[in-house]
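Participant: Just passing along the structure, written as structure tokens.
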Amino acid sequence: MSKILITGGAGFIGYFVAEKLSQNPENQITVLDNLSRGCNDKEFETLCAKSNVTFVQGDLTSQATIDDISRDYEYIYHLAALVGVKNVKDAPDRVLSVNIRSTLNLFEAARSFYRLRKIFFSSTSEVYAGTFMHFAVGVPTSESVPLAVSDITSARSTYAISKMCGESICFSYGEKYQIPFVIGRYHNVYGPRMGWAHVIPEMYAKITNNAELTVTSPGHSRAFCYIDDAVEFTVRLTEHYQTEGEIFHIGNPTEEIRIKDLVKLIARVMNRQVFVETGRDMPGSPHRRCPDTAKAERRTGYRANIALEEGVKKTYQWYQSRLDSYEEGR
Ligand SMILES: NC(=O)c1ccc[n+]([C@@H]2O[C@H](COP(=O)([O-])OP(=O)(O)OC[C@H]3O[C@@H](n4cnc5c(N)ncnc54)[C@H](O)[C@@H]3O)[C@@H](O)[C@H]2O)c1
């Protein structure tokens, strides 16, 4: 039997990791979340009703929550964080304090976890934003390129900085206290439950309400990864016996697409006509971003295989009945 802690398990990726792991009755899973973004909806209730899943509402920045975490977990998936442009704009101080403190608290606690096999730390492609701005790096980009901060004075940098600090905590605590960890840098994961503050769900709402759309950064290209593929990589990298102390990209590089073409694809899936007007380029947003995932593929024997159109369709099936709840930025 494996005892597993999933932080941020009421959110997007955490929920699906919990859902997958809960299918094995040998796994005993605790989901820890403060519900600041994640929600206690019907799907989450169903997950928590399983006999091998327990939900703990707690805040990883609070010492009381940390003290209550039992010391006998074997695997920890650390997915809790404050994410999204709105948080970065409105509360960059909280992005730094929540993301750094929660990781620091977890690793401090992990010093006394006596059965620990691996902590998975969720990092992001955003750590490359400064690198892309100032250095010529190849695309698809490998994990080995150096990281850079483009503008330390900008609130926009806080999310990437908080994740760089998280990675540094992994390496410094890992080495000093022999805490086994693996870092996954997610690249544009999408799917049901991801909230509204991402291009794909936002487009479902905007295309429903408008025949004409002004698209920001229309010529920029990204590679999107469906949640099932991201979860498969996450679990395989965490359970693999030879991933300790390493960084891996998690993504799907096979269908890099320009944002304006993505909008057209979404409209097609929704069976709608939309006229796309060219908006301004978002300052600081890299022109291209696409991960080299060869390292994760070699190690896990897995390759992302859900086509973009199929993933966009599945995601739309989930969002279609929830369009009334659209809230910009949430
Ligand atoms: N979705 C992506 O494409 C993507 C890309 C790069 C990195 N990531 C990283 O993956 C992880 C999961 O992302 P997501 O998209 O599922 O985000 P999410 O917002 O859906 O999930 C994060 C969860 O953490 C919880 N949380 C926040 N602060 C907490 C705290 N102090 N204590 C306990 N719980 C707390 C929230 O309530 C939420 O349920 C994050 O670390 C994020 O930075 C995601």
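Throughout, read-outs are computed from the coordinates displayed, never taken from laboratory work. All values reported here derive from a predicted model rather than from experimental measurement. Here the Cβ is made from the backbone with ideal geometry for all residues, glycine too, and neighbour counts use every protein chain on show.
Participant: Output the residue which, of all residues in segment 61-92 that are free of Cβ contacts under 8 Å to residues at least 60 places away in the same chain and acidic (Asp, Glu), is nearest to the ligand (Cβ to nearest atom).
Facilitator: Asp68
Participant: In addition: Does segment 216-249 hold any residues that are closer than 18 Å to Ile6 by Cα and not in a helix (DSSP H, G or I), and which are they?
Facilitator: His240
Participant: Further question: Cβ-Cβ under 6 Å, sequence separation 6+ or interchain: first residue in segment 34-60 and in a helix (DSSP H, G or I), partner within 15 Å of the ligand (Cβ to nearest atom) and not aliphatic (A, V, I, L, M). Which pairs?
Facilitator: Pairs found: Leu47/Glu19; Cys48/Phe55.
Participant: Something else: Restricting attention to segment 207-255, which residues are of a type in the set (S, T, N, Q) and out of contact with any Phe, Trp or Tyr (no Cβ under 7 Å at 6 or more places or on another chain)?
Facilitator: Thr208, Asn209, Asn210, Thr214, Thr216, Ser217, Ser221, Gln242, Thr243, Thr254
Participant: Follow-up question, since we're still on this one. Across segment 4-17, what is the number of residues that are more than 8 Å from the ligand (Cβ to nearest atom) and either free of Cβ contacts under 8 Å to residues at least 40 places away in the same chain or not in a helix (DSSP H, G or I) (or both)?
Facilitator: 3
Participant: Further, regarding this structure: Looking for whichever is surrounded by 20 or more Cβ atoms within 10 Å (Cβ to Cβ), near the ligand (Cβ under 9 Å from one of its atoms) and either within 20 Å of the chain's Cα centre (by Cα) or not basic (Lys, Arg) (or both) here; the options are Phe55, Phe132, Phe107, Phe121. Which one fits?
Facilitator: Of Phe55, Phe132, Phe107, Phe121, the one residue that is surrounded by 20 or more Cβ atoms within 10 Å (Cβ to Cβ), near the ligand (Cβ under 9 Å from one of its atoms) and either within 20 Å of the chain's Cα centre (by Cα) or not basic (Lys, Arg) (or both) is Phe121.
Participant: Given (1) surrounded by fewer than 16 Cβ atoms within 10 Å (Cβ to Cβ); (2) within 15 Å of the ligand (Cβ to nearest atom); (3) assigned to a loop (DSSP other than H, G, I, E, B), where does Ser97 come up short, assuming only one miss?
Facilitator: Unmet condition: (3).
Participant: Mind listing whichever residues of segment 31-52 are surrounded by 20 or more Cβ atoms within 10 Å (Cβ to Cβ) and within 22 Å of Thr103 (Cα to Cα)?
Facilitator: Selection gives Val31, Leu32, Asp33, Asn34, Gly38.
Participant: Turning to a different aspect of this structure: Pairs under 7 Å by beta carbon, first residue loosely packed, with under 14 Cβ neighbours inside 10 Å in segment 258-273, partner polar (S, T, N, Q) and not in a helix (DSSP H, G or I), six or more apart or different chains?
Facilitator: Partner pairs satisfying both residue conditions: none exist.
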